[in-house]
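First the structure, in the form of structure tokens, and then the observations on it.
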Amino acid sequence: MRWENEIEEKHPSEENPAPIVDFDAIFIPDNPQNVAQIAPQFPFYNIFGVRLLGTRLWQSTELIEEARDYVKGAIFPVSFFAEGESDGLEEFVALYRDNYQSEPTDLAANGYDTMRLIKAVLNEGDGVHTRRGLQRRLIHYDGFDGVTGRISFDEQGEVEKKPILLTISGRRFRVISSGQ
């Protein structure tokens, strides 16, 4: 039988071949629960020295608690990090906590920055009276430093903003690039 011959021809070294790791990082676009199950598989299969890359969903203490050492050094972008060091961040977080008795989210921080940017643009120079005037003013605005990083716009009106990059260090998140 052909099947039996194939089994007999197998050499012991081919049964458990060493993994071929010819990459520096692997992107896992998944939630913390699934990442906590995936990350331990790398050392289990003798794959070491590969950096894990993720999405903003990884900003979860649940991930650190469940995956611990398996996600150390992982890198992922976020639009807001309450423990960062941007100008006015500490004041915004304190005001938000006082007013809402909860932690600010990325949506709250982006909304806060948006309103502050619009206010700054409207208060600069002569008045803006039309949407087109506001658009022109935003495009030519020299950049705005908010709690979510530096915000500016290109000639087409698209926002130009660098993400905040976080890494997992011990049992906490640490900023490795602030988006400024």
Unique residue being under 13 Å from the mean Cα position of the chain (by Cα), outside the structural domain of ARG51 (by TED's automatic domain parsing) and at pLDDT below 95 when the list is THR130, THR148: THR148
Here is a check on your reading of the model: is PHE27 at pLDDT 90 or above, aromatic (Phe, Trp, Tyr) and touching a Gly at 6+ places or on another chain (Cβ under 9 Å)? yes
With the requirement that a residue be in contact (Cβ under 8 Å) with a residue 60 or more places away in the chain and either touching a Phe, Trp or Tyr at 6+ places or on another chain (Cβ under 8 Å) or closer than 17 Å to ALA36 by Cβ (or both), what does region 76-99 give you? PHE76, PHE81, GLU83
Pair list, Cβ < 9 Å and 6+ apart or interchain, from region 126-142 residues that are under 22 Å from LYS161 (Cβ atoms) to residues that are assigned to a loop (DSSP other than H, G, I, E, B) and small (Gly, Ala, Ser): GLN135/GLY157; ARG137/GLY125; LEU138/GLY157; ILE139/GLY157
Hits in region 68-89 (condition: at pLDDT below 95, surrounded by 13 or more Cβ atoms within 10 Å (Cβ to Cβ) and in a helix (DSSP H, G or I)): ARG68, LEU89
Answer from THR130, THR61, THR148, THR167 - the residue that is of a type outside the set (A, V, I, L, M, F, W, C), within 30 Å of ALA25 (Cα to Cα), exposed (fewer than 13 other Cβ atoms within 10 Å of the Cβ) and out of contact with any Leu (no Cβ under 6 Å at 6 or more places or on another chain): THR61
Top-ranked residue of region 42-54 - restricted to ones that are out of contact with any Phe, Trp or Tyr (no Cβ under 6 Å at 6 or more places or on another chain) and modelled with pLDDT of 95 or more, ranked as farthest from ALA82 (Cα to Cα): ARG51
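The values are calculated or read from the model by the stated rules, or taken from the named source; none is laboratory data. Worth saying up front: this structure is predicted, and the values here are computed from it rather than measured. When we count neighbours, we look across all protein chains shown, and the Cβ atoms used for this are built from the backbone with ideal geometry, even at glycine.
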